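The values are calculated or read from the model by the stated rules, or taken from the named source; none is laboratory data. The shown structure was predicted, so the numbers you read here are calculated from the model rather than taken from an experiment. FYI the Cβ positions are ideal-geometry reconstructions off the backbone, even for glycines, and counts take in every protein chain you see.
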Amino acid sequence: MATARTPAGLAHGTHGGVGESAPRPDGTLKVTGEFAYASDLWHEDMLWGVTLRSPHAHARILSADVSAALATPGVYAVLTHADLPAATRYGLEIQDTPVLADGVVRYHGEPVALVAADHPETARRAAARIRIAYEELPVVHDEESATAPGAPVLHPGRDDDHAVHVAHPNIVHRQPVVRGDVAAARARADVVVSGDYEVGMQDQAFLGPESGLAVPAGDGGVDLYIATQWLHADLRQIAPVLGLPEDKVRMTLSGVGGAFGGREDLSMQAHACLLALRTGRPVKMVYNRFESFFGHVHRHPARLHYEHGASRDGQLLYVQARIVLDGGAYASSSPAVVGNAASLAVGPYVVDHVDVEALALYTNNPPCGAMRGFGAVQACFAYEAQMDRLAERLGLDPVEFRQRNAMAQGAVMPTGQVVDAPAPVAELLRRVKARPMPPGRPWETAGGAPDVRALPGGLSNTTHGEGVVRGVGYAVGIKNVGFSEGFDDYSTARVRLEAVAGQPVATVHTAMAEVGQGGVTVHAQIARTELGVTQVVLQPADTRVGSAGSTSASRQTYVTGGAVLHACRAVREEVFALGRARLGAYHPAWAHAELLLEGGKVTTEAGEVLADLADVLEDEVIEVEREWRHRPTEPFDLRTGQGDGHVQYSFAAHRAVVDVDTELGLVKVVELACAQDVGKAVNPLAVTGQIQGGTVQGLGLAVMEEIVVSADGLVRNPSFTDYLIPTVLDTPAIPVDVLELADEHAPYGLRGAGEAPTLSSTPAVVAAIRAATGLALKRVPVRPEHLTGT
Amino acid sequence: MRVNFTVNGRPQQADDVWEGESLLYVLRERLGLPGSKNACEQGECGSCTVRLDGLPVCACLVAAGQAEGREVVTVEGLAEHARRRAAGDGTTARAPAGTSLDEARRWTPAPGGPGAQALSPVQQAFVDAGAVQCGFCTPGLLVAADELIERNPEPSDADIREALSGNLCRCTGYETILDAVRLAAARAGEAG
Ligand code: FES
Ligand code: FES
């Protein structure tokens with residue numbers, strides 16, 4: 001569908017509609033402490049569930065003795081693999097993940113047993129009394145060890161769709177993208193730059209830990225209140241594990257404390273339901289932070305090899321790249337991450353000759369899957385480093401070199417897909433570059449004594465400005481929006497319109513997971529704009545309505561927003577039909593004019609009021625449910641990577657300004673400016689918040705965030721003491737420049753916005769540190785020892 | 001063990017408290033005040049920030065027994081705390097006098113439902129500035145920010161960053177949180 005004309009309300013405005021910074025409907029509850037997160041839920045007679053996890057990265061389970069745990073007073077159930085009632089494995093795409101380990105554990109922290117007790121501490125102590133005898137097995141932890149002759153095969157007898165085309169069973173999926181003639185282009189290149197890059201394992205580190213409450217029901221089913229990103233995908237995986245039909249597993253979204261991809265896979269969902277059904281009591285499970293680090297998938301760490309060739313006048317001729325992603329012990333969304341990394345490997349540039357391959361490994365490292373940026377983050381760090389090195393070799397300004405090669409609308413991707421919407425890559429770079437520079441030496445004060453808070457090292461008082469060097473760096477990235485490669489990526493919305501006490505009220509019901517992004521605000525805004533009402537009631541998200549797809553891939557405003565929009569328009573048509581039937585005789589405009597719903601009234605396009613909406617409705621309740629799909633995509637060819645695989649592309653650019661204490665290797669990011677095209681800012685305040693939040697997650701990857709996994713597969717830093725995320729002291733000013741170039745294929749012209757800023761932030765910060773230090777810095781996060789060489 | 005203390009101006013008693021239970025656990029699981037959040041239980045994230053005799057503390061690091069006889073303000077009591085402070089009745093939580101029985105009797109829990117309760121200036125500013133996304137960090141940040149403004153009515157940006165440096169937020173990138181604190185301070189300045 002294309003929004004050929006301005007929808008009703010956009011131009012004249014029903015208050016709180018599309019394009020306004022409408023306040024969050026859940027804002028008041030969230031500031032008073034009344035908003036119920038999953039971890040806040042409580043039920044009479046409730047038990048607490050805990051998980052026993054593997055201390056080894058790879059081991060055979062020889063025996064399990066739960067008798068001491070079961071005998072603990074206050075314990076109601078202990079479950080191991082032997083107690084599972086139905087399906088024993090689940091997975092988003094490939095059902096390779098055991099509900100509880102069956103004979104083998106494949107990563108450090110894999111769930112082995114469950115306990116339900118009347119106090120969480122009782123449950124924890126009982127879990128510690130479970131005796132599991134392990135026999136440790138050799139660990140595979142990187143490409144070399146995973147594909148070596150005789151390497152232990154993590155999943156023997158694979159029968160998934162990718163198994164037949166990979167060279168080794170420890171490769172989950174491999175996707176080449178081949179276009180043009182790289183060998184010929186290499187022969188013509190005046191400048192060739194190649195490099196090896198590495199990205200560490202990043203954690204989503206959402207603040208609200210995994211949690212939920214499962215309540216057994218009289219009909220043998222279960223009601224699950226849960227923090228997740230996609231209710232229906234959970235349902236599809238949980239029901240077979242419980243051995244129940246889907247209609248006996250009723251799911252309701254509870255408050256979600258952030259997600260960023262980390263709630264796409266199941267964590268405690270099936271476990272809590274199993275314990276509830278076993279004990280006949282409600283069971284609550286809440287991970288603590290330590291367990292949360294083991295309880296969800298992370299961003300794939302990656303090793304990337306890139307070779308770029310360019311002509312003397314600064315035109316990119318070819319790119320050859322190999323991207324190896326560590327998927328860890330189970331598949332999760334690795335195949336889709338591979339597709340993204342391969343198809344977006346070149347970045348937002350026009351390159352005619354491309355030879356790329358991306359693959360994901362099975363190893364005994366923690367499983368990796370979705371995290372904001374999803375395969376595009378790793379590639380962006382490497383290709384932007386390459387672009388800077390090329391510019392330097394060519395003697396060109398790094399921004400100008402990027403602009404010369406920037407894609408624009410009409411460009412052809414390495415997959416052959418034509419970019420048929422605005423792609424203002426050069427303009428975004430121009431905007432961040434044109435911004436005035438923040439003042440130098442910000443720690444200097446009128447009084448003479450430096451304000452150490454503005455220095456690298458901050459209140460640690462490690463420098464008063466000696467050895468501090470400023471650097472500036474730029475980067476730009478490209479992210480796909482929505483689920484790709486032929487996935488049927490639809491959303492469902494149910495919209496009701498009725499008159500309550502003489503006022504029209506719209507009710508919107510979807511299964512969209514509100515995880516903090518503000519989708520609920522947007523749904524209310526769309527309903528106000530389309531139906532011309534001020535009062536919009538949002539029903540809790542649950543599985544009584546059809547799927548809304550995942551809150552990921554920057555897709556919810558686009559896809560579930562699109563479903564709400566189309567449901568509203570169908571409601572509107574019914575209102576007009578009702579009005580014609582009831583009141584048509586009184587005014588010819590009912591039959592002949594273009595009608596609008598605005599300010600609670602039916603008007604003509606010219607603004608003449610025909611009736612109050614409430615009077616048209618009387619006692620009638622109009623309710624419509626609509627499924628809505630974006631344009632279909634197609635899979636990438638398995639040999640060439642050709643295909644219209646993506647729905648939409650999203651672009652952001654950053655300029656980073658840093659001060660580096662070159663003696664101690666401490667970095668202070670002074671400013672991190674972003675320019676992004678969002679097509680249409682449905683809620684400008686929320687869009688800016690997404691851009692700033694994504695930018696800071698990119699900053700975290702650049703200089704501090706990494707889950708450290710030792711060669712034996714053990715996680716070394718599962719806490720906020722040792723895994724650092726940016727605090728307000730680490731975070732700079734983040735000026736944001738929002739462009740709104742409409743994509744005519746999308747509702748209101750909007751462009752998914754949540755992920756693109758997470759891409760370019762990281763390479764921009766690292767480019768700035770390189771500029772300050774002259775170091776090559778081919779790995780993120782950059783640590784002080786990388787800067788001091790110690 | 002039994003612990004007696006004042007929460008949001010109201011005397012509270014918790015029974016059967018285990019030795020190892022934190023103030024945060026008692027507030028959330030025994031007193032029905034889940035507004036303070038648990039995101040790390042290690043003193044690293046600030047989501048559990050409450051005021052203990054006026055001072056902002058991580059409730060996850062305070063043993064429940066340590067709260068005996070003391071006065072706690074949580075996010076649930078922030079609006080009332082701000083009202084009493086604005087009314088200048090001197091019983092801000094820092095005052096050692098505690099809460100009189102009379103005051104405690106006058107205290108009513110917020111009637112449920114959005115908008116039913118008037119927000120404190122800091123709460124309102126967080127809503128207005130877009131400082132709330134998932135909101136999990138918000139209760140702790142509100143308590144910390146409110147204490148900052150009480151102590152320092154005109155904080156500089158560096159002051160705000162310093163005061164909030166123990167509170168992690170994963171969603172916002174902090175810019176709108178800074179906006180909110182500036183806004184709350186500016187509004188308080190105008191009103192005063
Ligand atoms: S929960 Fe207390 S500081 Fe994190
Ligand atoms: S709003 Fe989500 S952690 Fe701050």
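Checking residue A:268 against (1) within 14 Å of chain B (Cβ to nearest Cβ); (2) buried (at least 23 other Cβ atoms within 10 Å of the Cβ); (3) not charged (D, E, K, R), only one condition comes out false. Which one?
(1)
Take segment A:380-427 and flag every residue that is out of contact with any strand residue (DSSP E or B) (no Cβ under 7 Å at 6 or more places or on another chain) and either surrounded by 21 or more Cβ atoms within 10 Å (Cβ to Cβ) or among the aliphatic types (A, V, I, L, M) (or both).
Correct list: A:387, A:388, A:391, A:396, A:401, A:408, A:411, A:413.
Across segment A:198-224, which residue is nearest to ligand 1 (Cβ to nearest atom) among those that are more than 14 Å from chain B (Cβ to nearest Cβ) and buried (at least 24 other Cβ atoms within 10 Å of the Cβ)?
Once the filter is applied, the top-ranked residue is A:212.
Give the number of residues within segment B:29-40 that are more than 16 Å from ligand 2 (Cβ to nearest atom) and either assigned to a loop (DSSP other than H, G, I, E, B) or within 9 Å of residue B:64 (Cβ to Cβ) (or both).
5
Can you find even one residue in segment B:97-113 that is closer than 17 Å to residue B:50 by Cα, more than 16 Å from ligand 1 (Cβ to nearest atom), surrounded by fewer than 19 Cβ atoms within 10 Å (Cβ to Cβ) and modelled with pLDDT under 90?
yes
If the Cβ limit is 8 Å and pairs must be 6+ apart or interchain, which residue in segment A:105-124 that is under 10 Å from residue A:74 (Cα atoms) pairs with which residue that is of a type in the set (Ser, Thr, Tyr)?
Note: pairs meeting the criteria are A:116/A:76; A:116/A:279; A:117/A:72; A:117/A:76; A:118/A:76; A:122/A:72.
Looking at segment A:60-72, can you tell me whether even one residue there is within 14 Å of chain B (Cβ to nearest Cβ) and of a type in the set (D, E, K, R)?
no
What do you reckon, is residue A:722 assigned to a loop (DSSP other than H, G, I, E, B), at negative phi and out of contact with any Pro (no Cβ under 9 Å at 6 or more places or on another chain)?
The answer is yes for residue A:722.
Have a look at B:55, B:27 and point out the one that is surrounded by fewer than 18 Cβ atoms within 10 Å (Cβ to Cβ) and either in contact with a His (Cβ under 9 Å, 6 or more places away or on another chain) or at pLDDT 95 or above (or both).
Just one listed residue meets the conditions, B:55.
Restricting attention to segment A:725-764, which residues are part of a helix (DSSP H, G or I) and over 21 Å from the mean Cα position of the chain (by Cα)?
A:748, A:749
Kindly check whether there is at least one residue in segment B:38-49 that is more than 13 Å from chain A (Cβ to nearest Cβ) and farther than 20 Å from residue A:287 by Cβ.
The answer is no; no qualifying residue exists.
So, of the residues in segment A:271-298 that are within 12 Å of chain B (Cβ to nearest Cβ) and hydrophobic (A, V, I, L, M, F, W, C), which turns out to be farthest from ligand 2 (Cβ to nearest atom)?
In this case the residue turns out to be A:290.
Being farther than 27 Å from residue B:127 by Cα and more than 16 Å from ligand 2 (Cβ to nearest atom) is true for just one of B:26, B:73. Which residue is that?
B:26
Assess whether residue B:141 counts as being more than 9 Å from chain A (Cβ to nearest Cβ) and crowded, with 24+ Cβ neighbours inside 10 Å.
When the stated conditions are applied, residue B:141 passes them.
Quick check on this structure: which one of B:162, B:190, B:175 is of a type in the set (Asp, Glu), more than 21 Å from residue B:35 (Cα to Cα) and within 16 Å of ligand 2 (Cβ to nearest atom)?
Step by step, each of B:162, B:190, B:175 is checked, and only B:175 is of a type in the set (Asp, Glu), more than 21 Å from residue B:35 (Cα to Cα) and within 16 Å of ligand 2 (Cβ to nearest atom).
Considering only segment A:448-484, state which residues are surrounded by 18 or more Cβ atoms within 10 Å (Cβ to Cβ), within 14 Å of another protein chain (Cβ to nearest Cβ) and charged (D, E, K, R).
A:453 - this is the single residue of segment A:448-484 that is surrounded by 18 or more Cβ atoms within 10 Å (Cβ to Cβ), within 14 Å of another protein chain (Cβ to nearest Cβ) and charged (D, E, K, R).
Which is touching a Lys or Arg at 6+ places or on another chain (Cβ under 7 Å) and either under 30 Å from residue A:347 (Cβ atoms) or modelled with pLDDT of 90 or more (or both), of A:439, A:456?
Of the residues listed, the single one that is touching a Lys or Arg at 6+ places or on another chain (Cβ under 7 Å) and either under 30 Å from residue A:347 (Cβ atoms) or modelled with pLDDT of 90 or more (or both) is A:456.
Looking only at residues that are without any contact (Cβ under 8 Å) to a residue 24 or more places away in the chain and more than 27 Å from residue A:246 (Cα to Cα) in segment A:179-223, which one is farthest from the chain's Cα centre (by Cα)?
A:187
Here are some residues: B:42, B:66. Which one is surrounded by fewer than 21 Cβ atoms within 10 Å (Cβ to Cβ), within 22 Å of residue B:134 (Cβ to Cβ) and over 12 Å from the mean Cα position of the chain (by Cα)?
B:42
Of B:86, B:14, B:59, which residue is more than 13 Å from chain A (Cβ to nearest Cβ), touching a helix residue (DSSP H, G or I) at 6+ places or on another chain (Cβ under 6 Å) and more than 16 Å from ligand 2 (Cβ to nearest atom)?
Checking each option against the conditions leaves just B:14.
Condition check ((1) in contact (Cβ under 8 Å) with a residue 24 or more places away in the chain; (2) assigned to a helix (DSSP H, G or I); (3) in contact with a Cys (Cβ under 7 Å, 6 or more places away or on another chain)) across all residues:
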| residue | (1), (2), (3) |
| --- | --- |
| A:620 | yes, no, no |
| A:625 | yes, no, no |
| A:652 | yes, no, yes |
| A:659 | yes, no, no |
| A:663 | yes, no, no |
| A:687 | yes, yes, no |
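The conditions are (1) outside any loop (DSSP other than H, G, I, E, B); (2) touching an Asp or Glu at 6+ places or on another chain (Cβ under 9 Å), and residue A:134 fails exactly one of them. Which is it?
Going through the list (1) outside any loop (DSSP other than H, G, I, E, B); (2) touching an Asp or Glu at 6+ places or on another chain (Cβ under 9 Å), residue A:134 breaks only (2).
Select, from A:645, A:599, the only residue that is out of contact with any strand residue (DSSP E or B) (no Cβ under 7 Å at 6 or more places or on another chain) and on the phi > 0 side of the Ramachandran plot.
Among A:645, A:599, only A:599 is out of contact with any strand residue (DSSP E or B) (no Cβ under 7 Å at 6 or more places or on another chain) and on the phi > 0 side of the Ramachandran plot.
Among the listed residues A:64, A:77, A:69, A:82, identify the single one that is outside any strand (DSSP E or B), of a type in the set (Gly, Ala, Ser) and either in contact with a Cys (Cβ under 6 Å, 6 or more places away or on another chain) or touching a residue at least 60 places away in the same chain (Cβ under 8 Å) (or both).
None of the others qualify; the one that does is A:69.
Give the number of residues within segment A:291-321 that are in a strand (DSSP E or B) and over 30 Å from residue A:51 (Cα atoms).
Number of matching residues: 14.
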